[in-house]
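Participant: First the structure, which I've put down as structure tokens, then a few questions once you've had a look.
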Amino acid sequence: MAWLNVHETSGASYAGSTPYSRYKHLAAMMLEWRWVLPAFIIVGWFVYYPIIENFRVSTTMQDIFTGEVENVGLENYTRLFSDKVVWSALRNNLLYAIISIVFQVFGAFIVAAIIEDLSSRKMRNFWRAVYFVPSAISTTVTGLLFYFIYQPDIGLLEEVMKILGLGAYAKAWLGDEDTAIYAIIGMSQWQGFGYSALLFTIAIQKIPKELYDAARMDGAGALRQLWSITLPMTREMTGMMIIVTITGAFQVFNEIMVMTGGGPNNSSQVLGTWLYEMGFTQNDMGYAAAIGSLIFVVTTMCGLAQLWYTKRKRVNT
Amino acid sequence: MEVFSKTTALALIFGCASLPPMAAQAEMADPNATVEYSGELSILTKFGMQRLQPYFIEMAKKYEALHPDVSISLIQEDDDSVKGKTKTLVASNSLPDIFFSWTGTWGGNFVRGDRAVDLSPVIGPDTDWGKTFAPAAVSAFMYNDKYYGIPLYLDAKFMGYSKPIFDELGIDVPKSHAELIEACKTIDAAGYLPVSFGNKEPWAGLHYLGQLLAYNVPQTVLEADYDPATATFDDPGYVAALNQFREFQDACTIGADVNAISYKTAIQQFSDGVSAMYYQEIIEFDSSAKPTTKLTPDDFGFFVLPPAEDAAGDHMALEGAPEGYMISSASENIPLAIDFMKFVTKPENARILSAPPFGQPPAVQGGADSENMNPSVVEGLDDIAEASYLIQWLDTVNHPRVASEWLSSFQAFVGGTKSAEDVVADVRTTAHSIRN
Amino acid sequence: MSTQNIIPEVAHKPKPNPWVIVGRGVLQSFLVLLGIVVLYPLLWMALSGFKSNTEIFNSPFALPQNWSFSSYVDAWNNGVSQFVVSSLIVTAMSIVATVLISAWTAFGLTRTKIPGKPLLVGFVLGGMMLSPTVALVPLVRMMQSFGIYDTHWALILLYTAFRIPFTTFLIRAYMLDLPYDLDEAARMDGATEGQIFRKIILPLCQPIIVSCVILHVLFAWNEYLFAMIFTSSADTQTLPVGLTSLMSKHGTDFGQVFAAMTISALPIVIIFFLTQRYFIRGLTDGMGK
């Protein structure tokens, strides 16, 4: 609310002044804009404007070679709903979100709780850092790496399965329509859980330890403490992580491009890669823009949810 | 609300920055035009790879030496970057005087947009210049019965094989589809992988199918089906070709798992002597068998993928296409641009292109330097010359959406989740949906 | 700080519950196992860079027969050095632009009397919600018409534009917590706003700025979508895209591909270990607050 006060005082100060000083005051106020002008221009021009422009493009059919632009109204959107790949891409994005919530939010929470249960501070920092390492590495690198790991016959995974006596279950994970997307999501869990585990360890550290002392007095075991203290006390972090994970799941692109290119038979396409395929391989920019609008709707809803969540949290604390 | 109005205002201010490109005007080459040897010539090439780069630099230098008032500027891109670069140049109406193009849909883009000069009067089959090329190469750049491209080199697909493995097992080069299947069974029994094949990038598999379609479906039917407006996709040859491929896949490859393998892994298995055969482009010959790989150039042999005896199409057709150049209709000196390309396609200059380090099979007849070239490439060129016609790559000759349907449906077919009949039906549905 | 305190307490109790000890042992072995799952693939990647093709596929678990750096050298000479330079240029330039503009904006949004401040805050920070994928189609034409398609400038501009909202958000949150009496005192002494920004606030913000720089490095070094669309030639491609084109050009020399992957991953892992503290601050501030 601080901004309101600022506004009121400045308003009061020029109410009783002369026209000249009012002008001068206004000039001074405008001069204040210099602080936000660079960000305003760059963000407005390269972030907001293209997104608005995307909606305009999505109502056209364009041919870059002839220069023809045809207004087709909502045709690209009706095509969107009858495009089987769009639906399966949407399903894959959702799968990505759900599985990531299981492993990167709840799985990571459990890992964080186990780490924080260690008595040595050094070991706690050590594990936390180790698990984080894959998150620091480019998804191109991890994607290529897992492409090799998943190879049939010669891949590392198949070798490991053979050692464990599971050789009979090995298959071409990325080459099978039923498993390709899961193989990619699996890589993503490997890469991402350490990131959320690290954030959870910090949230857990912020819990006052008196709570645990009190619980122990009451004879609560470790599991009981996890359930009735750690979990509720990190609820905010968990909520935040869920939203961030969903948003991330709808922006997936890199790992799919590197590992399968959306195949086989488009079974591992997600919205982002399908947009790329349509716009940049098939030169159908209007339709690509319509897919972009769909991504916009979903990610903006997630963004608003996050905003609402933070606001609510502020009011509560 | 205020935020919104500000951004819309912003959009209005900057909206003009992203207007689509203007339409271009159609141009036709004039065979009697006098060439004015002065001014600038810009060229977009696809020889950006280090090994190929010097070719156009050398050509430009020689041409400038002949005509001192001409200066040539080169934009050299490689396979990956040339599409993006070309689209950018089109979008900004700054297409160079001479630019690289593939045959099929890609070249059709420039014709549709009136961005390429109609070269029929100078390079058509009855013209002096036109006669110097392999006829199939010139006609590959034909759109609406007009000729738009200057072919520079040829590419075609052959089955490469390991002579040592074939000798060891006493196998002769297969002459028919049935013989190929038999050969695979023998090789498999001996513990080698008959054919290394990777279909992670589904165009690799579609290349097999393209050759099989040429054998099984008459040329006129195929050509009618390329155009969504006349496509019917009801010839029984389509399903026959797919079923032949299935037989091949079952007997010669690792099966459905090929969808997980990259063609790069497949070529490596061939070079490493793990597999006995690998289906490849003539321009790959030099990289699949090198003096440093287990399979040396002396061990390397190749043959045309053999047709099934009862196949109803053209048994002498070969899958392949030339790559070449077009002249921009916006060029200010079209006669000069044509003259430069005539210079580049002179037999003595084509010979430079065919010899190491470039090793590109030239499209000009008599342009092959057989003494310096890889002997396998020379033989391959003979096969191309004998072919009744060149069937183009399926993924470049079809409408982009049909091509995309071929790619994904074929991948499903290889993975065993779609039947031959369903593949053809889905391709047909896609073609029809474009027509409407 | 938390439940680890159980251990000493349990220890001096007369009868330690054996199940607790067993359970703890199981959990700790789980951590070790998970650590192996996380680290082994990375180790395998680095080691494979020393191996020949045959070794990589025939004896994947063995150590390299001879430790030859040739794949690393080849990878470096076959384009990786160019990609590293591009990545360095793009990362460094976009860091400077992003952090300077964000700090400048954050100061304006927290410590000046700008009219319409809440709207401006909403506008700048709202940019965080917008997905780069959605802007892609129009951006291509914009970059083409500016003539900066396939140049480093395209990436520098876009990385700056798309990271200003988040970076401003972090710095603004930090500035809000700085005491206001400092500004007041300086203003009394006749300092201008510009001076207050440069001489007082900016130095105080050093820790969060370091965090922002590190988070930006993590982002710009690894970014793929924009890099893939807006650069196409070998001398403008950054590492993540360059790696994929290296894969298509030298894809049959797997040792070289693994070496290139390792070279690309190493700097960022080292930076993480060296600057963990700032890294974690940036992450927690970005999530919580």
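Participant: Taking +1 at the Cβ of each Lys and Arg and -1 at the Cβ of each Asp and Glu, which of C:Thr105, C:Leu155, B:Gly380 sits farthest along the dipole of the protein assembly as shown towards its positive end, judged by Cα position relative to the Cα centre?
Facilitator: The one lying farthest along the dipole's positive direction is C:Thr105.
Participant: Which value, in debye to the nearest 20, describes the size of the charge dipole of region C:193-289 about its Cα centre when Lys and Arg Cβ atoms bear +1, Asp and Glu Cβ atoms bear -1, and nothing else is charged?
Facilitator: Result for region C:193-289 is approximately 360 debye, rounded to the nearest 20.
Participant: Quick one: give the max-minus-min coordinate of the C-alpha atoms of chain B along each principal axis, largest first, in Å.
Facilitator: 67, 67, 43
Participant: Okay, next question. Just need the Rg to Rh number for region C:217-289, please, alpha carbons only, Kirkwood Rh.
Facilitator: Reported Rg/Rh, Kirkwood definition of Rh: 1.08.
Participant: Let me test this: with uniform point scatterers at the alpha carbons of region A:69-168, what is the Debye-based log₁₀ I(q)/I(0) at q = 0.24 1/Å?
Facilitator: -1.16
Participant: Using a 1.4 angstrom probe on heavy atoms only, work out the carbon and sulfur share of the accessible area of the protein assembly as shown in %.
Facilitator: Exposed carbon and sulfur together represent 61 percent of the surface.
Participant: Beyond 24 Å, what share of the Cα-Cα pairs of chain A is found? Please give it as a whole percent.
Facilitator: For chain A, the share of Cα pairs beyond 24 Å comes to 68 percent.
Participant: Counting Lys and Arg as +1 and Asp and Glu as -1, what is the net charge of the other residues whose Cβ lies under 11 Å from the Cβ of A:Ala222?
Facilitator: With Lys, Arg at +1 and Asp, Glu at -1, the net is +2.
Participant: Whole-Hz ³J(HN,Hα) for each residue in region C:194-205, computed from phi via Karplus 6.51 cos²θ - 1.76 cosθ + 1.60 with θ = phi - 60°, x for glycine and proline: what do you get?
Facilitator: Karplus values, whole Hz, x for Gly and Pro: x, 5, 4, 4, 5, 8, 10, 6, 4, x, 5, 8.
Participant: Any residues in region C:159-190 that have 50 Å² or more less accessible area with all protein chains than in their chain alone, probe 1.4 Å, and which are they?
Facilitator: Residues shielded by partner chains are C:Ala161.
Participant: Quick check on the protein assembly as shown: what does the Kirkwood estimate of hydrodynamic radius come out to from the alpha carbon pairs, in Å?
Facilitator: After inverting the pairwise mean of 1/r, the radius is 31.7 Å.
Participant: Another question about this same structure. For region C:165-289, what class follows from the C-alpha gyration tensor (a ≥ b ≥ c being the square roots of its eigenvalues): rounded when a/c is under 1.5, otherwise prolate if a/b is larger than b/c, else oblate?
Facilitator: The shape class here is prolate.
Participant: Trypsin sites (Lys or Arg not before Pro) within region B:225-316: which are DSSP loop residues with at most 16 other Cβ atoms inside 10 Å?
Facilitator: Sites meeting the loop and neighbour criteria: B:Lys294.
Participant: Between B:Thr230 and A:Leu307, what is the spin-label point distance in nm, taking each point 7 Å from the Cα along the Cα→C-beta axis?
Facilitator: Going from the B:Thr230 label point to the A:Leu307 one covers 5.6 nm.
Participant: Taking a 27 Å limit on the Cα-Cα distance, which of the listed pairs B:Lys83/B:Lys294; A:Lys122/A:Lys162; B:Lys61/B:Lys342; B:Lys85/B:Lys290; B:Lys83/B:Lys290 fall beyond it?
Facilitator: Over 27 Å Cα-Cα: B:Lys83/B:Lys294; A:Lys122/A:Lys162; B:Lys85/B:Lys290; B:Lys83/B:Lys290.
Participant: Still on this structure, please answer the following. Quote the relative contact order of chain B in percent (integer), defining contacts as alpha-carbon pairs under 8 Å separated by 6+ residues.
Facilitator: The value is 23 percent.
Participant: Enter the mean number of other protein chain beta carbons within 10 Å of the beta carbon of each residue in B:391-402, as an integer.
Facilitator: 1
Participant: Could you compute the net charge surrounding B:Asn216? Neighbours are other residues with a C-beta less than 11 Å from the C-beta of B:Asn216; K and R count +1, D and E count -1.
Facilitator: -3
Participant: While we're here: Over the alpha-carbon set of region B:57-96, work out the extent along each principal axis and list the three values in angstrom, largest first.
Facilitator: Ordered largest first, region B:57-96 gives principal extents of 33, 22, 7 Å.
Participant: Sticking with this one: Only Cα pairs within less than 10 Å get springs; with that Gaussian network setup on chain A, which residue of A:Phe46, A:Phe280, A:Phe103 has the largest fluctuation?
Facilitator: Taking springs between Cα atoms under 10 Å, the residue moving most is A:Phe46.
Participant: While we're looking at this one, here's another question. Before I look further, what does the protein assembly as shown give for accessible area per residue, probe 1.4 Å, in whole square angstrom?
Facilitator: Here the per-residue accessible area is 41 Å².
Participant: Another question about this same structure. I'd like to verify something in chain C: which complete DSSP H helices, judged by Cα projection on the helix axis, reach 18 Å or more and average at least 0.0 on the Kyte-Doolittle scale?
Facilitator: Once both thresholds are applied, what remains is C:18-48, C:81-111, C:132-146, C:152-176, C:206-222, C:254-274.
Participant: Still on this structure, please answer the following. Rank these by accessible area, largest first, 1.4 Å probe: A:Asp117, B:Asp69, C:Asp74, A:Asp218.
Facilitator: Ranking A:Asp117, B:Asp69, C:Asp74, A:Asp218 by accessible area, largest first, yields A:Asp218, B:Asp69, C:Asp74, A:Asp117.
Participant: Starting from a Cα-only point model with no solvent, please compute log10 I(q)/I(0) by Debye for region A:187-274 at q = 0.23, 0.24 1/Å.
Facilitator: After summing over all Cα pairs, the log10 values are -1.10, -1.15.
Participant: May I ask for the Kirkwood hydrodynamic radius of region B:37-196, worked out over all distinct Cα pairs and given in angstroms to one decimal?
Facilitator: For region B:37-196, inverting the mean 1/r across all distinct Cα pairs yields 19.3 Å.
Participant: Moving on to the next point. To the nearest 0.05, how large is the calculated FRET efficiency for C:Trp67 and B:Ala178 if R₀ is 51 Å and r is the Cβ-Cβ distance?
Facilitator: 0.50
Participant: Taking the Cα centre of chain A as origin and charging only Cβ (+1 Lys, Arg; -1 Asp, Glu), how large is the dipole, in debye to the nearest 20?
Facilitator: Using Cβ point charges on Lys, Arg, Asp and Glu, chain A gives about 1540 debye.
Participant: Stick to Cα atoms and the Kirkwood definition of Rh, then tell me Rg/Rh for region C:80-134.
Facilitator: When Rh is taken as the Kirkwood radius, the ratio is 1.16.
Participant: Next up: Picking from C:Thr236, C:Thr110, C:Thr168, which is most flexible by a Gaussian network model of chain C using Cα springs under 10 Å?
Facilitator: Ranking C:Thr236, C:Thr110, C:Thr168 by mean-square fluctuation puts C:Thr110 first.
Participant: Could you check the spin-label model distance between B:Gln219 and A:Asn71? Points 7 Å from the Cα along Cα→Cβ, value in nm.
Facilitator: Between B:Gln219 and A:Asn71, the label points sit 4.8 nm apart.
Participant: Name the most mobile residue of B:Met49, B:Met316, B:Met142, meaning the one with the largest mean-square fluctuation, in a Gaussian network model of chain B with Cα contacts below 10 Å.
Facilitator: Taking springs between Cα atoms under 10 Å, the residue moving most is B:Met49.
Participant: A further question on this structure: Say R0 is 25 Å: what FRET efficiency, to the nearest 0.05, do C:Ala92 and C:Phe146 get from their beta-carbon distance?
Facilitator: Taking R0 as 25 Å, the efficiency between C:Ala92 and C:Phe146 is 0.70.
Participant: Please list the helices of chain A that count as membrane-span-like by this rule: a mean Kyte-Doolittle hydropathy of at least 0.5 together with Cα atoms stretching 30 Å or more along the helix axis, each helix being a complete DSSP H run.
Facilitator: A:180-205, A:285-316
Participant: For region B:162-279, what is the convex hull volume of its Cα atoms per residue in Å³?
Facilitator: Residue-normalised Cα hull volume stands at 105 Å³.
Participant: Which whole number gives the average, over all residues in B:258-271, of C-beta atoms from other chains lying within 10 Å of the residue C-beta?
Facilitator: Average neighbour count from other chains, rounded to a whole number: 6.
Participant: Can you tell me the equivalent ellipsoid semi-axes for chain C? Use √(5λ) from the Cα gyration tensor, largest first, whole Å.
Facilitator: Each semi-axis is the square root of five times an eigenvalue, giving 40, 35, 16 Å.
Participant: For region B:315-436, how big is Rg over Rh, using alpha carbon atoms and the Kirkwood form of Rh?
Facilitator: 1.12
Participant: Semi-axes of the equivalent ellipsoid of region C:53-179: what are they in whole Å, largest first, if each equals the square root of 5 times a C-alpha gyration tensor eigenvalue?
Facilitator: 42, 20, 14
Participant: Let me spell out the model: positive unit charges on the Cβ of Lys and Arg, negative unit charges on the Cβ of Asp and Glu, origin at the Cα centre of chain B. What dipole size does that give, in debye rounded to 20?
Facilitator: Charge dipole of chain B: 1140 debye, to the nearest 20.
Participant: Given the whole protein assembly as supplied and a 1.4 Å probe, what does the accessible area of A:Val102 come to in Å², nearest 10?
Facilitator: 80
Participant: Starting from the 7 Å offset along Cα-to-Cβ, what nm value, one decimal, do you get for the label separation of C:Phe273 and C:Arg187?
Facilitator: Here the answer is 4.9 nm between the modelled labels.
Participant: For chain A, what's the relative contact order in percent, using C-alpha pairs closer than 8 Å and at least 6 residues apart?
Facilitator: 26
Participant: Once C and A are treated as a pair rather than alone, how much accessible area drops out, both sides summed, in Å² to 100, probe 1.4 Å?
Facilitator: Interface between C and A: roughly 9000 Å².
The values are calculated or read from the model by the stated rules, or taken from the named source; none is laboratory data. Since the model is a prediction, treat every value here as computed from it, not as a measurement. Neighbour counts are summed over all protein chains in view; Cβ atoms, including those assigned to glycine, are modelled from backbone coordinates with ideal geometry. Areas reflect the complete protein model, heavy atoms only, side chains present, ligands, DNA and RNA absent. Shrake-Rupley method; radii C 1.70, N 1.55, O 1.52, S 1.80 Å.
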